[in-house]
Amino acid sequence: MPFDVGTLDEWLDEWLGRKAEDLEESTVYSYTMTTARLRGMLGHIRLQDLAEDDVEAWMKWALREGRVRGGKAGTGLGGVARRSGGRRP
């Protein structure tokens with residue numbers, strides 16, 4: 001699918017469909033769950049209209065609230081990445 005046609009959702013469907021041929025079922029599931037986070041906020045945007053600001057806003061959201069640890073929002077990806085460079089202690 002050319003980048004100038006369709007939404008991020010449509011592109012992700014195409015990409016995952018092609019990748020799935022060479023991946024284990026568990027990996028496809030993992031990719032599906034991971035891309036669902038993108039789809040929720042960015043999926044409706046046409047690829048040609050997707051801007052750096054859109055991606056940065058999503059990244060800030062994902063780091064702040066995208067994952068909940070210990071039952072408290074805001075203790076997700078950002079806290080782990082800053083303390084340990086993205087690796088588990």
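Structural remarks
- Accessible area (Å², 1.4 Å probe, nearest 10) - Glu14: 70 Å²
- Debye-sum result for the stretch 13-62 in log10 I(q)/I(0), which assumes one identical scatterer on each alpha carbon, at q = 0.14, 0.20, 0.24, 0.28 Å⁻¹: -0.42, -0.76, -0.93, -1.04
- Extension gain, Glu25 back to Glu52 (0.36 nm per residue minus Cα-Cα distance, nm): 6.5 nm
- Percent carbon-and-sulfur accessible area, the stretch 8-56, ignoring ligands, DNA and RNA, probe 1.4 Å: 49 percent
The values are calculated or read from the model by the stated rules, or taken from the named source; none is laboratory data. What you are looking at is a predicted structure, and each value in this text was computed from that prediction instead of being measured. These area figures cover heavy atoms from the full protein model, side chains too; ligands, DNA and RNA do not enter into them. Shrake-Rupley method; radii C 1.70, N 1.55, O 1.52, S 1.80 Å.
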